[in-house]
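Data block below; observations after.
The values are calculated or read from the model by the stated rules, or taken from the named source; none is laboratory data. Keep in mind that this is a model prediction, so the values were computed, not measured. Here the Cβ positions follow ideal geometry from the backbone for every residue, glycine too, while neighbour counts run over all protein chains shown.
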Amino acid sequence: MSHLHITTSLLQHRRLSAQLGQAVWLKMENCQPSGSFKLRGIGLMCQRAAERGARQFVCPSGGNAGFAAAVAGVALGIPTTILVPQTTHESVRVAIRAIGATLVVEGCVWDEANQAALRLCEQPGAVYIPPFDHPDIWDGNATLIDEVAGRHDFDVVLCSVGGGGLLSGVVLGLQRNGLAHIPVIAAETEGAASYDAAIRAGGPVSLPAITSIASSLGARRVADHAFALSREHDIRPVVVTDAQAVQSCLRLADEMRVLVEPACGATLAVAEQQLPVLAQFKRPLIVVCGGIGVDLDKLAVWKNQFHLT
Ligand SMILES: *Cc1c(COP(=O)(O)O)cnc(C)c1O
């Protein structure tokens, strides 16, 4: 069976290219049927589980992972239950139900929804779909590099880091296409910088709290695998402010007519702010990871909150 994700466009960002004197290219993962890159990894994991006889998918996520699992489950014709905490926004609940998945609201925080998901998975045939920490997810996310490798020349990849599933996929994609020498710039926001914290501490640590508005980057601790990759690949963590991430979302909307979450704006901000980490490169490839947790109203609220013009 063919995969559930689509091959996405690669677009040059003209203004940034001119401003930086670099060929800045955008891999438009916001165009995936799930609105983010997550359908690549979660879609592949669901597909493999279906081939092994899965009868139900269970995913504890009120974010893009849950939505991608819902899209994948419906496409594969397998009953899918998404468990979310009470804090999950009504628009996300509506989107998950509208796709045709079962939505269960469970507990006040993610951990309680996760506990309920683990209990559901004790039933035979039920498969737990995690948001980022599984080899099938890294394998699927790596396809975004497969699509550009050998066709397009780039000398660095920029991507956002939450729990590290996207980063792990990007590194795997580079390695399996003979591009292991290409560095990755791993972007996070202040208050969600669990990868940067892990690099500084010499191993994954748990942040006391997530204080960034970039909720899709809000894993308090990065996956061990994503950290371990820093020992074998040139990965450069960089941290931007929420204001810079939102500013980049606003500019992308104005200039490319594309809406993305601040979680994605964090990566764009590295180029937008001309951060020194990017200076030595000539042909950056930016993963526009997307996300459904954004609309014109939310963007207007953030714009106001950070006094942006
Ligand atoms: C999931 C997600 C991330 C972070 O990905 P990880 O695999 O958790 O590191 C970043 N941006 C968006 C839009 C996401 O949905």
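Taken as a whole, the stretch 215-229 holds at least one residue that is surrounded by fewer than 24 Cβ atoms within 10 Å (Cβ to Cβ), within 24 Å of Arg283 (Cα to Cα) and assigned by TED's automatic domain parsing to the domain that holds Val301.
Rundown of residues vs (1) among the acidic types (Asp, Glu); (2) in contact with a helix residue (DSSP H, G or I) (Cβ under 7 Å, 6 or more places away or on another chain); (3) within 16 Å of the ligand (Cβ to nearest atom), yes/no style:
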residue	(1), (2), (3)
Leu259	no, yes, yes
Ala263	no, yes, yes
Thr267	no, no, yes
Gln280	no, no, no
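Please enumerate the residues belonging to the stretch 133-187 that are part of a helix (DSSP H, G or I), away from the ligand (no atom under 16 Å from the Cβ) and among the charged types (D, E, K, R). Those that are part of a helix (DSSP H, G or I), away from the ligand (no atom under 16 Å from the Cβ) and among the charged types (D, E, K, R): Asp146, Arg176. Of all residues assigned to the stretch 231-243, none qualifies as being within 16 Å of the ligand (Cβ to nearest atom), small (Gly, Ala, Ser) and not assigned by TED's automatic domain parsing to the domain that holds Ala65.
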